[in-house]
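One structure is given here, and the rest of the page talks about it.
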Amino acid sequence: MVAAERLRNSSAILGDENMDETFKVTCPHCDTILIVQRRDGKVLEVRKPLLEESTGDRFEDAFLKVKKRPKEVDEKIAAARQKE
């Protein structure tokens with residue numbers, strides 16, 4: 001069995017039929033991940049980093065972002081009060 005066939009078969013077993021149809025491209029400057037369709041080069045999805053310094057795990061990044069949110073809101077309120 002050819003390696004590409006094995007990969008295709010393993011992706012079908014894992015339930016990821018789009019694995020052969022798309023690929024990921026990561027921007028070296030902003031770390032945005034583009035999901036691109038192989039057939040026509042159409043960008044299917046844009047995944048911007050949730051944090052400036054990512055942990056590498058999107059779930060962990062989302063959790064940290066939600067944890068930071070109250071602090072950021074308090075800082076914005078304090079800044080708005082100082083302007084008044």
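The values are calculated or read from the model by the stated rules, or taken from the named source; none is laboratory data. Remember, it's a predicted structure, so these values are computed and weren't measured experimentally. Cβ coordinates were reconstructed from backbone atoms using ideal geometry, including for glycine residues, and neighbour counts include every protein chain displayed.
Would it be correct to say that Asp74 is among the charged types (D, E, K, R) and under 29 Å from Asp20 (Cβ atoms)? So Asp74 does not fit the description; no.
Within the range 1-58, the only residue that satisfies the criterion of being at pLDDT below 80, surrounded by 11 or more Cβ atoms within 10 Å (Cβ to Cβ) and β-branched (Val, Ile, Thr) is Thr55.
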